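The values are calculated or read from the model by the stated rules, or taken from the named source; none is laboratory data. Computed from a predicted structure; not experimentally measured. Cβ placement follows ideal geometry from the backbone for every residue including glycine, while neighbour counts extend to all protein chains displayed.
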Amino acid sequence: MKLDHYINPATFHSQNLLRSYAHLLNSAGDQKGKLLVRLGLAAISALLFGISIALLYPFFISLETGSADVYWALGKIIVLLLIAILLRMQAETYDTKGYSNLAIHQLRTELGEKLRRVPLVLLSGLRSGEINAVLVQSINEAAGFAFTLMNIIVHALCIPLGAVLALLFLDGGGRFALLICLLLPLIAPLYLWRRKAFRRGFSILAEANSRLKAEAVEFTQGLSVLKSTQQLSSKQNQFNQVAEDVAKIQQIGTKKGEIPNLIITSSVQFALLVILLLGSIWVITGSSHWLMLATIMILIARVSDVLNFFVQMASLLEMFMISSEKLAALMALPELSQKQAETLPTSYDICYENVHFTYPQQKTAVLNQIDFCLPEKTLTAFVGSSGCGKSTLLKLLLRHGDPEQGRITIGGVDIRHMSQSQLMSLISVVFQDVYLFQDSILNNIRMAKPDADDKAVIEAAKLAQCHDFISQLPQGYTTQVSDIGTNFSGGEKQRLAIARAILKDAPILLLDEPTAALDTYNELAVQQALNALVKDKTILIIAHRLSTIVAANQIYVLDKGYIAEQGTHPQLLAKQGIYARFWQKRERL
């Protein structure tokens, strides 16, 4: 295993402690005010609890001397403890009343809305399993446990503080208060020292877990392809390797943390032992009352439990902080500008005007000086070798990203001046990779036009050559699509996608030649479905089979991000250039 594979920017970059806590607080969203109030109540509760422990001393003195003040001393302790309990119960309503769940829901909703506004060219650089890890695990950790963890910190700080404040006002308690103030803060540098190690370990573990989730998603979604290509064993080995890496990282973290954690825990115990030892000396020498030492022993027993629990939870605290930082990083991604066009285009000619585009994290532009206009209700094909920029052309029209230079217009309107919903109302898409959702067939088709009635959906399915195979299913149109659509063949999924496009009836149609990977029967069925779809549309098609585009109104040949050739099929053959060579290769097959 190479840990280098899992090192990420968070591994060696530890944020300011206050900023990290601010991240946890901000993860509460609209519940932040409630969280702060309840942390305040928890702090007061812990202070009162610490004070009540210190007040045991005058109570013990009253008992020893038989003073009449014994009931007053006991009453103060009982009242303080009752108030502390009530305040703690009220503080814990942050979890019991479901405010943490509201924070989780809000974060997921906000992140979902954020992802809608982020350019897909940015998100495509992230694996779906990694995004899923943030949506599920990171949000649960950041928002779901914010109160629990910060409540532990509050109690670790405020119980000793409350006791110290009370001891200052008790006869003979000042020296113990001073001793506690001198020794317990020495634990802070040890925590800060270990925090860097926690940061390294948990950032590497978080990265490994993200990759494991991504591998799991890819493995399960790609099972049919992996089996057909005899790559199942290879992919499973890759998944097993990452799973093994996660286990080893956990083992290394546990082993490396044994001695440092023992040092911190021992330091806490040592500090408390010093307090007890000096207190015993003061009692023996007669400079302090033995009942004061008894009170301090009770305080030490309680503080010891709280501090040891804090030491044990400190690693989890860092892990949850890393989760909140991952969430913050996603929320900080740049967004596409959103405008609302006052009027939509009335014509559907499409123009690319000197368009340049480079993918994030890449230095070389994938599109350069792209300049052409496509008349409405024409068929335009794009041809070129893999990686030449064909798919990117269509992605920019869908606003998966914006060009860094130039613009794209529909009917003379810059697509950046339309909202995403306005733009998508003009465009239907049928690509080779069809995604079907875990819902009924009826709803999978209807998602193209949510207000369509069942009759319209079924009519679209008939035109798309879907009706026959859907009718043969036991539950017909109400049949539930299995995860990732594995209960349908490639041709059937293509026809369902075409049914969506027919139902939507948008004036612009984008095709990534949907028949390229189909057998003869399905190719014929899909071609018949396409014939019902393409009437009176402005069509842009990525061509893989040149025979399907010989009748195109115009063909553009892309090479290394530039338009190398353009014309009709006969014109391009006459040029004896790239297109002609593609055609000659096809003829030889």
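A few notes on this one:
- Checked across segment 368-379, the condition of being touching a residue at least 60 places away in the same chain (Cβ under 8 Å) and closer than 25 Å to K493 by Cβ holds for at least one residue.
- Residue check for K377: assigned to a loop (DSSP other than H, G, I, E, B) and on the phi > 0 side of the Ramachandran plot: yes
- Qualifying residue in segment 40-58 (condition: surrounded by fewer than 16 Cβ atoms within 10 Å (Cβ to Cβ), free of Cβ contacts under 8 Å to residues at least 60 places away in the same chain and part of a helix (DSSP H, G or I)): yes
- Hits in segment 369-398 (condition: polar (S, T, N, Q) and crowded, with 19+ Cβ neighbours inside 10 Å): T380, T392
- Residues in segment 141-174 that are within 16 Å of I77 (Cα to Cα) and not aliphatic (A, V, I, L, M) were compared, and the one that is surrounded by the fewest Cβ atoms within 10 Å (Cβ to Cβ) is F169.
- Between G40, G112, G75, G66, the distinction of being over 16 Å from the mean Cα position of the chain (by Cα) and modelled with pLDDT under 85 belongs to G66 only.
- When residues in segment 291-308 are screened for being exposed (fewer than 15 other Cβ atoms within 10 Å of the Cβ) and of a type outside the set (A, V, I, L, M), 1 of them pass.
- Filter result (closer than 24 Å to S421 by Cα and out of contact with any helix residue (DSSP H, G or I) (no Cβ under 7 Å at 6 or more places or on another chain)) within segment 356-373: C373
- Test for A497: is it surrounded by 19 or more Cβ atoms within 10 Å (Cβ to Cβ) and either over 31 Å from the mean Cα position of the chain (by Cα) or within 30 Å of A365 (Cα to Cα) (or both): no
- Matching entry among P360, P345, P334 (being part of a loop (DSSP other than H, G, I, E, B) and crowded, with 20+ Cβ neighbours inside 10 Å): P345
- Matching helices (runs of 4 or more DSSP H) fully within segment 63-126 where at least 1 residues are under 30 Å from R38 (Cα atoms) and touching a residue at least 60 places away in the same chain (Cβ under 8 Å): 70-91, 93-96, 99-117
- Test: residue in segment 161-183 that is among the hydrophobic types (A, V, I, L, M, F, W, C), modelled with pLDDT of 75 or more, under 29 Å from Q31 (Cβ atoms) and in the same structural domain as S52 (by TED's automatic domain parsing): yes
- Segment 547-589, subset surrounded by 19 or more Cβ atoms within 10 Å (Cβ to Cβ) and among the aliphatic types (A, V, I, L, M), residue farthest from I350 (Cα to Cα): L572
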